1. Could you list, ordered by first residue, the pairs with Cβ atoms under 9 Å in which the first is in segment 321-335 and at positive phi and the second is surrounded by 11 or more Cβ atoms within 10 Å (Cβ to Cβ), at least 6 apart or interchain?
2. For segment 265-278, which positions are under 22 Å from residue 379 (Cα atoms) and surrounded by 21 or more Cβ atoms within 10 Å (Cβ to Cβ)?
3. Is segment 167-177 home to any residue that is of a type in the set (Phe, Trp, Tyr) and loosely packed, with under 14 Cβ neighbours inside 10 Å?
4. Please pick out the residue among 306, 281, 342, 310 that is buried (at least 16 other Cβ atoms within 10 Å of the Cβ), among the hydrophobic types (A, V, I, L, M, F, W, C) and more than 17 Å from residue 402 (Cβ to Cβ).
5. So, restricting to strands (runs of 3 or more DSSP E) that lie completely within segment 115-230, which ones have at least 3 residues that are of a type outside the set (A, V, I, L, M, F, W, C), modelled with pLDDT of 90 or more and out of contact with any Lys or Arg (no Cβ under 8 Å at 6 or more places or on another chain)?
6. From the list 390, 419, pick out the single residue that is part of a strand (DSSP E or B) and either at pLDDT below 80 or in the same structural domain as residue 249 (by TED's automatic domain parsing) (or both).
7. For segment 398-415, how many residues meet the condition of being aliphatic (A, V, I, L, M), assigned to a helix (DSSP H, G or I) and surrounded by fewer than 24 Cβ atoms within 10 Å (Cβ to Cβ)?
8. If I ask for residues that are surrounded by 15 or more Cβ atoms within 10 Å (Cβ to Cβ), in contact with a Lys or Arg (Cβ under 9 Å, 6 or more places away or on another chain) and among the charged types (D, E, K, R), which ones from segment 238-260 would you list?
Amino acid sequence: MKTSVHAKNKRFSALALVLALLVLAVAVPVTLIFDRLGINIDMTPNSLYTLTDTTRNYLADLDARGEVVDVYFLMKMEELEDDLEVLALYRTLLAYDAYDCFNLIDFDPDTDPGVLKEINPQNKYNLGEGDFLFVHGDMVKRLPASLMYTYKTDKDSNVTDAEFRAENYFTGYMKTVVEGELPIVYFLTGHGETPLSDMTKLTTNLANNNYGSAELNLTTTANVPDDCCILVIAGPQYDISEPEYDSIVSYINKGGNVSMLISPNSEPLSYKYLERILSDFCIGMNYDRVSETDPDRHSYADPYAFKCNFAAPSTENDVDLTTALAQTAGTLPVYMPYSRSFYSVYGTNYSLLSVGDLLVTETSAEAEPWGGTQRDPESVTGRQLSLAMYAEDPQRDHAKVVVFGSADIITDAGTGNAYFIQPLNLFLSSVTWMYNSDIDMNIEDKARTYDALNVNSSSEATLLMGLFIGFPIVVAAAGIFVWLRRKNA
């Protein structure tokens, strides 16, 4: 009986050995073949490395139409290949590049500056390592590398979760440059406004965010152009005419967006028609100039360049242009140059609008009368003043207006002062709020979860290390013991 059991054990051992050798004989060559052919199988639970049907269908359609988009990637692909942190980006780019319409051109801007100069003449775009530039004919869109992932961290700043967002951007940018038009931010002229030539830094920022810039004179052009995404009125020295007002209101009634930056003006005049536009959005404009009486809150020897605050989002609507910027105010204070103030007008349509503040003063600020036609105006002290406001009108196809009390925040001279960079950032945020140039393909972000183990003490760490090391040894020893018992049985 013992001999029979021993022989049976030998047969099972031989069978196990044969099966193990067969697995090796199949798995190793298959792995080598897959590696040589560049074949990858996506085993992730959320198909992290696989394009969605939305993308595949759209790219196939572009291939059928013969459309080709040159996608410049400011990094060599081989730099991503062995980096686990960006493996999803690497695999996704390979999947896109399998289609003829997605012509991926990866290059190192340091070793191949000629390509960079070709795609970015006169440094029009602020391009950095890992950025993308989508080019189709005259349409160009910049995609920053920072948008590829969003991260969540724990209290110790360790990354716990990551969301991969590239596919929605890639497909959306493809659709934009192939089928869309470059949205233009028009700057009104003819009333002593700040010329576009004095706002080169702003126009560069707009280009980096995929907006064009142009001047518009409504005394020579009857209507606001159809490709106008935002009409900016920056630093007018006198009011617009009634025909210009009619053209702008017609544009607004179709869902147009207007941004006014009206600095204090000492002249005894009124902005009748500009005020009428604002009044329809329940915003009123004061003829004043604001100063700060607290010497700790204004720049040296100039009370008209002073600290202010990002306003908290209104509780009456879901518009939020300030929360993200307010988080940076601790390291980069908010200063406003030479500004007037505004106020809410409680018109009959107020309850239908979304209206709120963007920049506000402390109660130590003072508003002194400055210009205008009002008789015997008085200074205002002891209360918070509004330096910038926004409004949205759902009844006019969600037309939006933003108003700032100073045009200096968007000029080259003004933005050359680091103190005034925060109001410029707010202005740029308002541009995106009024008109987002990106096409959303509704492709969901793909989560990548990072495994983490929280250890609260050194003794707990020692215990865990003992378990991780000791437990496998115990299991192995038990296995050897059982094998020896069976071997000698």
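The values are calculated or read from the model by the stated rules, or taken from the named source; none is laboratory data. Bear in mind that the values here come from a model prediction, so they are computed numbers and not experimental data. So basically every Cβ, Gly included, is an ideal-geometry build from the backbone, and we count neighbours across all protein chains shown.
1. Pairs that qualify, where the first residue is at positive phi and the partner is surrounded by 11 or more Cβ atoms within 10 Å (Cβ to Cβ): there are none.
2. 271
3. No, segment 167-177 has no match at all.
4. 306
5. The strands (runs of 3 or more DSSP E) meeting that bar are 212-216.
6. On the way: 419 fails: part of a strand (DSSP E or B).
Sole residue among the options that is part of a strand (DSSP E or B) and either at pLDDT below 80 or in the same structural domain as residue 249 (by TED's automatic domain parsing) (or both): 390.
7. Quick first cut of segment 398-415, residues aliphatic (A, V, I, L, M) only: 399, 401-403, 407, 409-410, 413.
The next check asks that each one be assigned to a helix (DSSP H, G or I); those that pass are 409-410, 413.
From what's left, surrounded by fewer than 24 Cβ atoms within 10 Å (Cβ to Cβ): 413.
Of the residues in that region, 1 qualify.
8. Once the filter is applied, which keeps residues that are surrounded by 15 or more Cβ atoms within 10 Å (Cβ to Cβ), in contact with a Lys or Arg (Cβ under 9 Å, 6 or more places away or on another chain) and among the charged types (D, E, K, R), segment 238-260 yields only 239.
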